[in-house]
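Comments concern the structure below.
The values are calculated or read from the model by the stated rules, or taken from the named source; none is laboratory data. Everything quoted here is computed from the prediction, not taken from an experiment. Here Cβ is always computed from backbone atoms with ideal geometry, including for glycine, and neighbour counts include all displayed protein chains. Areas reflect the complete protein model, heavy atoms only, side chains present, ligands, DNA and RNA absent. Shrake-Rupley method; radii C 1.70, N 1.55, O 1.52, S 1.80 Å.
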Amino acid sequence: MEERIKAIFDCVVNGDNKGIQAEVETALAEGVNPSAILNEGLIAGMGEVGRLFEEGEFFVPEMLIAARAMKSAMAILKPHLGSGEVGAAGKVIIGTVKGDLHDIGKNLVGLMLEGAGFQVVDLGSDVPAEKFVAATQEHAPNVVAMSALLTTTMVNMKSTVAALEEAGLRDKVKIMIGGAPVTDAYASQIGADGYAADASRAVALAKSLTA
Ligand code: B1M
């Protein structure tokens, strides 16, 4: 079993898009826990890619092919990650903020929220504040969820909170944020209602915000 997970980890690091699909399917067929595939294989593999990038061994193309492999694996894993009745828990709009193209963590949070019974409207990545505002007007969600992976883009969470306030929508929604550079203190500082460090904590937070 551990060998399977190690193979999945290696496929992410090597950006092996075909290999990872076969490995994940085999692991699932063998009864390996989907959460272990996700956390110890995919997320840990991506962490290693980040480390190699930081050390100058990997460059942007390597990060891109790793991301592609991770996305293929997540698509296979999706049906195995939850079984809540979609929409029963509430509605969330989610996006990665303006200037930021990192969407894997955001996708994972969206996927886990869906699994927990939330209806999720995914605005994608590089989402300007006005688009969050327009989507809030259109969909009337319970929660607006923002992701950022760059220290240079997390500031756009603050402008989005301000834009929601300006549009008179701030009291109608809960706002949650997350992503590697984001913290609890930052959430308080910008007037968000909560911060979650990872996808399962994001589900717990969304549940408590909508309770
Ligand atoms: Co970039 N990148 N990247 N990158 N990239 C990081 C983030 C970086 C930390 C790498 C490093 O230096 N070690 C660094 C940021 C440094 C900083 O600002 N502090 C960085 C950089 C510098 C860049 C560029 C500037 C590189 C360049 O061009 N020179 C560039 C910026 C482009 C842009 O956005 N404008 C860039 C580009 C890219 C790619 C496009 C090549 C690719 C992204 C592809 C894609 O997403 N479609 C990429 C990747 C893959 C990474 C790393 C390697 C992996 C990110 C990832 O997917 N992790 C990353 C290094 C790392 O994180 N160690 C790195 C896996 C994912 C499951 O985790 O996204 O953290 P994460 O999500 C977690 C939690 O954070 C949390 O839950 C998730 C699941 O547990 N979470 C939430 C996330 N959102 C949440 C929202 C919530 C709650 C929880 O509520 C709403």
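Points worth noting:
- Using C-alpha pairs below 8 Å separated by at least 6 residues, the relative contact order for the chain is 16 percent.
- Euclidean distance of C-alpha centroids, the range 154-211 and the range 1-30, integer Å: 34 Å
- By accessible area, using a 1.4 Å probe on protein heavy atoms only, the chain has 52% of its surface on carbon and sulfur.
- Largest accessible area first, the listed residues THR153, THR183 line up as THR183, THR153 when surface is computed with a 1.4 Å probe on the assembled protein chains.
- Within the full protein context, the accessible area of MET46 is estimated at about 50 Å² for a probe radius of 1.4 Å.
- When all protein chains stay in place and ligands, DNA and RNA are ignored, the 1.4 Å accessible-area order of TYR186, TYR195, largest first, is TYR195, TYR186.
- Build a GNM of the chain with springs between Cα atoms under 10 Å apart, and of LEU113, LEU164, LEU64 the one that fluctuates most is LEU64.
- Each label point was placed 7 Å from the Cα along the Cα-to-Cβ direction; for GLN189 and PHE53 their separation is 2.2 nm.
- Among ASN156, ASN14, ASN107, residue whose mean-square fluctuation peaks in a GNM of the chain (springs only between Cα atoms under 10 Å): ASN14
- Electrostatic bookkeeping for GLU114 treats Lys and Arg as +1 and Asp and Glu as -1; over the other residues with beta carbon under 10 Å from its beta carbon, the sum is 0.
- Stretching the chain fully between ALA162 and ASN33 yields a gain of 42.3 nm (0.36 nm per residue, less the alpha carbon separation).
- Using the Cβ of THR136 as centre and a radius below 10 Å, the other residues enclosed give a net charge of +2, where K and R count +1 and D and E count -1.
- Cα→Cβ-extended label distance, 7 Å offset, between ARG201 and ALA180, nm: 1.6 nm
- Accessible area (Å², per residue) of the chain, counting only protein heavy atoms and a probe of 1.4 Å: 49 Å²
- The simple Förster model, with R0 at 41 Å and r as the Cβ-Cβ distance, assigns ALA140 and GLU62 a FRET efficiency of 0.50.
- Solvent-accessible area of LYS71 with every protein chain in place, 1.4 Å probe, in Å² to the nearest 10: 80 Å²
- Kirkwood Rh (inverse of mean 1/r, distinct Cα pairs), the chain, angstrom: 17.6 Å
- Mean separation of Cα contacts under 8 Å, 6 or more apart, over the residue count of the range 145-192: relative contact order %: 52 percent
- 5 angstrom amide H check on GLY90, placed H, neighbours 5+ away: GLN119
- Residue-span extension gain [ALA211 to ASP10] - 0.36 nm each, minus C-alpha spacing: 68.3 nm
- The range 90-210: C-alpha gyration tensor shape, a/c 1.5 cut-off, then a/b vs b/c: rounded
- Reach of LYS174 by Cα under 30 Å, taken over lysines that are not fewer than 8 positions away in the same chain: LYS71, LYS78, LYS91, LYS98, LYS106, LYS131, LYS158, LYS207
- Residue among ALA199, ALA44, ALA36 with the largest mean-square fluctuation in a Gaussian network model of the chain, springs linking Cα atoms under 10 Å: ALA36
- Distance in nm between pseudo-label sites at GLU3 and ALA22 (7 Å out along the Cβ direction from Cα): 1.5 nm
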